[in-house]
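Right, one structure below, let's go through it.
The values are calculated or read from the model by the stated rules, or taken from the named source; none is laboratory data. Small disclaimer: the values here were computed from a predicted structure and weren't measured. Cβ: placed from backbone, ideal geometry, glycine included. Neighbour counts: every protein chain shown. Note: accessible area is taken over every heavy atom of the protein model, side chains too, but ligands, DNA and RNA are not part of it. Shrake-Rupley method; radii C 1.70, N 1.55, O 1.52, S 1.80 Å.
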Amino acid sequence: MQKNFWEKLKKPIMSMAPMSGISDEAFRLMFLKYGRPDVFWTEFVSVDGLVSEKGKEYCLNVLKYNKKEKPIIAQIFGSNPLYFEKSAKIIADLGFDGIDINMGCPDRDIEKNGGGADLIKNPELAREIIRATKKGAEKIPVSVKTRIGYDENEISKWIPLILKENISVLTVHFRTREELSGPPAHWELAKEVVKLRNKISPKTLVFGNGDVKSLKEAQRLVKETGLDGIMIGRGLLGNIWFFSEKNPTIKERINAIIEHSEIFDNLHKKDMDKNGHYKQFDAMKKHFHAYTKSFRGAKELREKLMKIKNTAQVKEICKSAIERLK
């Protein structure tokens, strides 16, 4: 196993999950100010895209990060071992602290090309991909994020195959691929994964993922299961205070909408027209929706924000909402 930064982190380790269309640079920068995780993860990118002339620019844009976010991990997906090796070299050259292989995404388009959760059904290819990625990564650590199985619990046969590759970190989303994000995550299975790790690859860190709604819950799960850390995904949406455990006021929540929008604007200045419009702006609306919940006037504010076209309108609407709080 490579020498790596993971060995220096204090346990339990709390990390941000890679979420497509969510955990972009603007989202991550909000956590730098309001309470950072121990480790950041990027949105995932395709290895096919990263090594192609046509897709490389888009993938490199997705992988942009601020040095203050370090340690930060780049997540990749695909099914071609050679492309994983080449992508790992690119990512290492970009200064990332580690590379994570997605073996759990249930997206049909990703699966039909043999990537994501489809690799659970092709363990030999999965192992070949890990080896190729480690070869390309050279000095930076390689990790894997996966699920407990495809259409049933396959921990006993799937997880050992991954652990035998001596990866640095294994993150397990405690649902099958077929369960998607529907039923409650099966945290009762975490101890079984930890036992397998202890037997097969003692130096591999094991993280759990699925339905964690607070830092206290994450800390409790670590104590109960013996996991080394927790990866939090949807629990971070609209809650940039997750890792600081701050309970924000309504005014602070609304101001966060403005600040998040301004950061997003700064990262997309080159795409704006003279009216401050750009097509990427609609990506912010899922965050507006998440910020505007569980307070008086939230629904009205949310409905207005869903219709706006730029940050200037965000400021106008949000400042009016703050005035009404007085």
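The table below lists the values:
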{"item": "Segment 266-289, residues that are buried (at least 17 other Cβ atoms within 10 Å of the Cβ) and within 17 Å of Ile317 (Cα to Cα)", "result": "Phe281, Met284, His287, Phe288"}
{"item": "Residue in segment 161-177 that is farthest from Lys139 (Cα to Cα), counting only those that are outside any strand (DSSP E or B) and polar (S, T, N, Q)", "result": "Asn166"}
{"item": "Flag for Glu224 being of a type outside the set (Ser, Thr, Tyr), open to solvent by 50 Å² or more (accessible area, probe 1.4 Å) and under 14 Å from Trp187 (Cα atoms)", "result": "yes"}
{"item": "Qualifying residue in segment 169-185 (condition: without any contact (Cβ under 8 Å) to a residue 24 or more places away in the chain and surrounded by fewer than 16 Cβ atoms within 10 Å (Cβ to Cβ))", "result": "yes"}
{"item": "Top-ranked residue of segment 293-316 - restricted to ones that are of a type in the set (Val, Ile, Thr) and either in contact (Cβ under 8 Å) with a residue 40 or more places away in the chain or open to solvent by 80 Å² or more (accessible area, probe 1.4 Å) (or both), ranked as farthest from Asn255 (Cα to Cα)", "result": "Thr311"}
{"item": "Test for His260: is it under 28 Å from Phe174 (Cβ atoms) and surrounded by 15 or more Cβ atoms within 10 Å (Cβ to Cβ)", "result": "no"}
{"item": "Filtered residue count, segment 151-191, keeping only those that are touching an Asp or Glu at 6+ places or on another chain (Cβ under 7 Å) and acidic (Asp, Glu)", "result": "2"}
{"item": "Condition met for Ile159 (touching a residue at least 12 places away in the same chain (Cβ under 8 Å), within 20 Å of Pro18 (Cα to Cα) and surrounded by 18 or more Cβ atoms within 10 Å (Cβ to Cβ))", "result": "no"}
